[in-house]
Each structure stands twice: as C-alpha cells, then as structure tokens.
Amino acid sequence: MRNHAETHPNRNLQRLKQAAEVAILLPPGYNLGHVYMGRGVTSALPELNLERRNRHGVTYRQVMNNFYVEIERCIRLGVSYDLFWNLEGLELNGYREIVTIREDGKVKVVQNGHSQILKKARMLQRPQGEPPQLAVQVAVDGETPPYKVTARARVIETTAPVYYAKGADKNGVYRNQYVLWELFGPQ
C-alpha cells in the first residue's frame, strides 16, 4: 500500500472516502469472524460461537449470514461498498443505499429516502455448480481419559477451487492457503 501511495501522490482523498455506493451496517458487538484463524487466541471462545443466541433469540450465525450475503451481493453486482458498525451518531451521507443488518434477523434497506424491512438478506442467483464438500473422519484412541483424538479432513472440490486467506504477512502480501480449518472441542 505504501508503494501504491508513493506512486499515486495526487490522490483526491475526499473523493476516495466517498467512492462506495453502498454502506452495510453491522450491529455493535458483532465482528467479521476469526481474524487469526488457527494462529490466535480467538478459537473456541463462547462469544464467537455461531450458534449463540442474542437477546432476540436469533443466532450469531443468522446475523452474520445476512451481513456476508449483502457483501456477496455487492461483489457480484460490481458495486463498491463500505462496512460500518451501526454506532450511535454515525453519519452516512452520499451513499446510494444503506443496508442495516439487524439483530432480530431482519435487514433494513434505505434507498432514495424509501425504507423497507426484509426478512433476510437479498440473495442473488449464484453461478451454477456444486458447492465444495468437507469429509471429516475422527478417531478416538483409548478407553479412559486422557484420550488421543485424531481428526482428518479432506476437501472435495467440485466446480471451483477452494482457498482461504489468513490475512497479510509482515510485508502486506496475502498468501492464500489451499485449505485451513480448525477443530473445536471437546464436544
């Protein structure tokens, strides 16, 4: 990024700040998931459990699914977007559309001064094909604790390759992994 900034010194920063057409708002307290999957200390924390229910009885998974589906929608339509936490006092001027992901599992869309509440995120038709599969085998060795548990997973590709990005390395370069998975336990 530093190299890009140095080779483009006359950028209009105000225009760049207002380049996105859509603002997608996530409820406070929700996050984008395991930032350091497999490398950090966020694994198996109760507050990141996707099946945890919020005060409306809606799972964390449902709320985050709505968020990610709205992001996917923008990407598939080629629409630029910004992501925000829906914090009090947040001013969102200049966006064609504001999408608010709600904790009650619904999605509020405001466009041209008109507001509508949807039961869920707006899903676009996805490309044809079969989704990838994950085959997992778990073996327990021993009859009394402590047990030795061995887990083997195999990704079954179908019509598209499967990759996961762990984030940028110390030089800012993203090196995608073919597969990266975590095992939660002991349940």
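Restricting the stretch 125-178 to residues that are over 22 Å from residue 69 (Cα atoms), β-branched (Val, Ile, Thr) and assigned to a loop (DSSP other than H, G, I, E, B), the residue that is modelled with the lowest pLDDT is 173. Residues in the stretch 97-124 that are farther than 16 Å from residue 21 by Cα and not in a strand (DSSP E or B): 102, 103, 104, 105, 106, 119, 120, 121, 122, 123, 124.
Of all the criteria given as (1) within 26 Å of residue 126 (Cβ to Cβ); (2) surrounded by 15 or more Cβ atoms within 10 Å (Cβ to Cβ); (3) among the polar types (S, T, N, Q); (4) at pLDDT below 95, the one not satisfied by residue 100 is (4).
Filter the stretch 112-124 down to residues that are modelled with pLDDT under 95 and either outside the structural domain of residue 22 (by TED's automatic domain parsing) or surrounded by 13 or more Cβ atoms within 10 Å (Cβ to Cβ) (or both), then give me how many there are. Working first, answer last.
Taking the stretch 112-124 first, the residues modelled with pLDDT under 95 are 112-113, 123-124.
Filter once more, so that each one left must be either outside the structural domain of residue 22 (by TED's automatic domain parsing) or surrounded by 13 or more Cβ atoms within 10 Å (Cβ to Cβ) (or both): 123-124.
Within the stretch 112-124, residues that are modelled with pLDDT under 95 and either outside the structural domain of residue 22 (by TED's automatic domain parsing) or surrounded by 13 or more Cβ atoms within 10 Å (Cβ to Cβ) (or both) number 2.
Would you mind stating whether residue 43 is within 23 Å of residue 168 (Cβ to Cβ), modelled with pLDDT under 75 and either assigned by TED's automatic domain parsing to the domain that holds residue 176 or small (Gly, Ala, Ser) (or both)?
Considered against the rule, which asks whether it is within 23 Å of residue 168 (Cβ to Cβ), modelled with pLDDT under 75 and either assigned by TED's automatic domain parsing to the domain that holds residue 176 or small (Gly, Ala, Ser) (or both), residue 43 comes out as yes.
Determine whether residue 57 is part of a loop (DSSP other than H, G, I, E, B), of a type in the set (Gly, Ala, Ser) and either within 15 Å of the chain's Cα centre (by Cα) or at pLDDT below 75 (or both). Considered against the rule, which asks whether it is part of a loop (DSSP other than H, G, I, E, B), of a type in the set (Gly, Ala, Ser) and either within 15 Å of the chain's Cα centre (by Cα) or at pLDDT below 75 (or both), residue 57 comes out as no.
The values are calculated or read from the model by the stated rules, or taken from the named source; none is laboratory data. Keep in mind the model is a prediction, meaning the values are calculated, not measured. So basically every Cβ, Gly included, is an ideal-geometry build from the backbone, and we count neighbours across all protein chains shown.
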